[in-house]
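Worksheet for the structure shown next.
No value in this document is a laboratory result; all are computed from the given coordinates. Keep in mind the model is a prediction, meaning the values are calculated, not measured. Cβ atoms come from the backbone with ideal geometry, glycine included; neighbour counts cover every protein chain shown.
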Amino acid sequence: MAEIHKLDSSDGDFMQRLDALLAWDSVSDAGVNQVVQEVIAEIRARGDAALIDYTNRFDGWQAGDAADLEVPLARLEQAWHAIPAEQQQALKHAADRVRAYAEHQKLAGWEYTEADGTLLGQKVTPLDRVGLYVPGGKAAYPSSVLMNALPAKVAGVGELIMVVPTPGGEFNELVLAAAFECGVDRVFRVGGAQAVAALAYGTESVPAVDKIVGPGNIYVATAKRTVFGQVGIDMVAGPSEILVICDGKTDPEWIAMDLFSQAEHDEDAQSILLCPDGEFLDQVEAAIDRLLPGMQRREIIETALRTRGALIRVRDLDEAAEVANHIAPEHLELSVENPREYAEKIRHAGAIFMGRHTSEPLGDYCAGPNHVLPTSRTARFSSPLGVYDFQKRSSLILVSPEGADTLGRTASTLARGEGLEAHARSAEYRLKDRGRP
């Protein structure tokens with residue numbers, strides 16, 4: 001019988017218990033930080049030589065020289081033709097939908113001209129080069145390639161560099177096929193903190209990038225955090241999360257399996273159900289016990305539910321929305337009667353899945369919106385990965401002679417108020433009457 005936390009919002013210590021359940025410390029320990037710092041220093045000092053040493057030491061295959069680290073693009077096409085037609089069709093279907101959704105996210109430049117002829121605006125340009133980290137081995141996710149590479153391509157990124165470890169020297173054909181479908185420009189078979197360092201600072205073979213995106217283990221996440229500032233990063237993600245709000249009218253087995261869908265990621269994943277119907281919560285718990293023995297990743301699911309999962313009884317659906325906004329989940333399912341209307345109550349969530357038939361895994365793979373989402377309550381202030389993460393904005397200012405006179409007097413007054421004489425005089429030189437500050 002699976003154990004899972006049971007909370008009731010009417011209990012006096014409810015918020016304390018909820019916050020204790022939500023708490024997640026994503027900060028690396030001293031040992032991890034030290035290893036990452038050493039790896040980054042070695043890559044910066046020795047470039048390809050260090051990258052080869054780390055690959056030979058950690059990945060279980062021997063790279064003779066730097067040329068062995070790059071995967072020829074023809075190998076990606078080979079992988080595409082090697083996978084079954086069913087997988088080809090699934091990748092293409094998912095990619096088409098993600099690409100179409102991303103097209104709607106493209107930011108456009110704009111400008112306007114004031115009465116005196118001064119032009120103001122914004123210019124939008126894509127990043128020149130982006131690095132995409134893709135996990136290797138057991139944690140090989142072609143869907144992550146689609147979700148990270150396609151928005152970059154739609155944004156117009158000049159060059160997309162993918163790094164992926166190949167433990168034991170083995171390639172994941174589906175990952176390479178996904179890279180082929182997305183039009184990744186170059187692929188290097190390296191991983192870990194050393195791959196992040198190579199992307200951030202460049203080596204003789206791996207070009208330095210402007211931003212690094214993609215998931216990875218604690219060493220990869222720590223390396224991304226460390227090189228931030230030298231390059232941009234997408235986010236430092238915590239464990240996967242799902243929060244389901246249900247009115248008690250959905251099949252309990254559907255809800256139980258939705259909770260499993262995130263719990264199976266790893267032992268630290270979090271699955272929570274909010275419902276005002278105590279009897280329905282009991283039915284979902286019974287469904288969990290009934291379905292769990294048949295799950296392939298039973299032990300992982302069981303551990304995740306026991307340590308961070310919860311069935312929570314709330315007063316009503318209005319309170320459920322309040323609790324959801326406090327949790328600010330990565331994935332939020334609204335399994336209720338009028339989900340579109342109810343979604344207006346939600347302020348903080350990475351992705352909102354509306355209606356009884358909208359299961360979270362559809363968003364993971366092929367619905368269209370990105371599955372790279374804020375975790376650990378960061379949806380309070382951050383957003384899903386999108387095309388806008390691969391574009392940057394520059395302000396446009398073209399001041400007319402009349403505008404230089406009007407704006408110059410304001411700037412001069414404020415600059416002198418701040419004690420910055422050169423600022424003031426720079427503006428004053430362009431006044432129609434230079435003798436008048």
Task: Gyration tensor verdict on region 321-425 (Cα atoms; rounded if a/c is under 1.5, prolate if a/b is larger than b/c, oblate otherwise) - done: prolate
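For a protection proxy built on the mean count of beta-carbon atoms within 10 angstrom, sort 251-261, 288-298, 214-224 highest first, please. Write down the numbers at each step before the final one.
Numbers: 251-261: 21.3, 288-298: 14.2, 214-224: 23.1.
Descending packing order for the listed peptides: 214-224, 251-261, 288-298.
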Task: DSSP-defined beta bridges in the chain - what % are antiparallel, rounded to 5 - done: 30 percent
- [ ] Give me Glu428, Glu241, Glu70, Glu418 ranked fewest to most by other Cβ atoms within 10 Å of their Cβ, as a rough exposure proxy.
- [x] Glu418, Glu70, Glu428, Glu241
- [ ] Please list the radius of gyration and Dmax for region 65-181, considering alpha-carbon atoms only, with Å as the unit.
- [x] 18.7, 68
Task: Inter-centroid distance (Cα atoms) of region 328-378 relative to region 145-218, Å - done: 28 Å
Task: Cut-off 20 Å (backbone N to label point 7 Å along Cα→Cβ of Arg393), residues of region 78-110 - done: 102-110
TODO: Starting from the Cα gyration tensor of region 293-374, take the square roots of the eigenvalues, sort them a ≥ b ≥ c, and report rounded, prolate or oblate (rounded when a/c is under 1.5, otherwise prolate if a/b is larger than b/c, else oblate).
DONE: oblate
Task: Cβ-based exposure ranking for His423, His348, in which fewest neighbours within 10 Å come first - done: His423, His348
- [ ] Among Ser9, Ala50, Leu21, pick out the residue whose Cα is farthest towards the positive end of the charge dipole of region 1-145, where Lys and Arg carry +1 and Asp and Glu carry -1 on C-beta, about the Cα centre.
- [x] Ala50
- [ ] Let me have the relative contact order for the chain, percent, based on Cα pairs under 8 Å that are six or more residues apart.
- [x] 20 percent
Open item on the list: As an exercise, identify the trypsin sites (Lys or Arg not before Pro) in region 329-437 lying in DSSP coil whose Cβ has no more than 13 other Cβ atoms within 10 Å.
Closed with: Arg347, Lys432, Arg434
- [ ] Would you mind pulling out the separation of the Cα centroids of region 395-424 and region 76-124, in Å?
- [x] 39 Å
Open item on the list: Please give the charge dipole size of region 339-437, origin at the Cα centre, charges +1 on K and R Cβ atoms and -1 on D and E Cβ atoms. Round to the nearest 20 debye.
Closed with: 200 debye
TODO: Considering only Gln89, Gln62, Gln262, give the residue with the highest GNM mean-square fluctuation for the chain, with springs between Cα atoms whenever their separation is below 10 Å.
DONE: Gln89
TODO: Sticking with the crude label model, points 7 Å out along Cα→Cβ, report the distance from Phe228 to Ser426 in nm, one decimal please.
DONE: 3.1 nm
TODO: Two decimals is fine: what is log10 I(q)/I(0) at q = 0.14 Å⁻¹ for region 1-104, from a Debye sum with one equal scatterer on every Cα and no solvent?
DONE: -0.95
Task: Evaluated over region 349-391, the Cα radius of gyration and Dmax, each in Å - done: 11.2, 35
TODO: Please report the relative contact order for region 9-133, taking Cα pairs under 8 Å with a sequence separation of at least 6, and give it as a percent rounded to a whole number.
DONE: 8 percent
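Let's see if you can work this out: charge +1 on each Lys and Arg Cβ, -1 on each Asp and Glu Cβ, no other charges. What is the dipole magnitude of the chain about its Cα centre, in debye to the nearest 20?
Magnitude of the dipole: close to 1640 debye.
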Task: Listed candidates (1) 22.2, 69; (2) 25.9, 87; (3) 22.8, 74 - label of the one calculated as Rg and Dmax of the Cα atoms in Å - done: (2)
Open item on the list: With 10 angstrom as the radius, rank Tyr342, Tyr54 by how many other C-beta atoms surround their C-beta, starting from the fewest.
Closed with: Tyr342, Tyr54
Task: Those GluC sites (Glu not before Pro) in region 271-341 that DSSP places in a loop and that have at most 14 other beta carbons within 10 Å - done: Glu337
Task: Estimated FRET transfer efficiency (Leu107, Asp68; beta-carbon r; R0 30 Å; 0.05) - done: 0.15
TODO: Would you work out the relative contact order for region 205-264, in percent, from Cα pairs under 8 angstrom that are 6 or more residues apart?
DONE: 30 percent
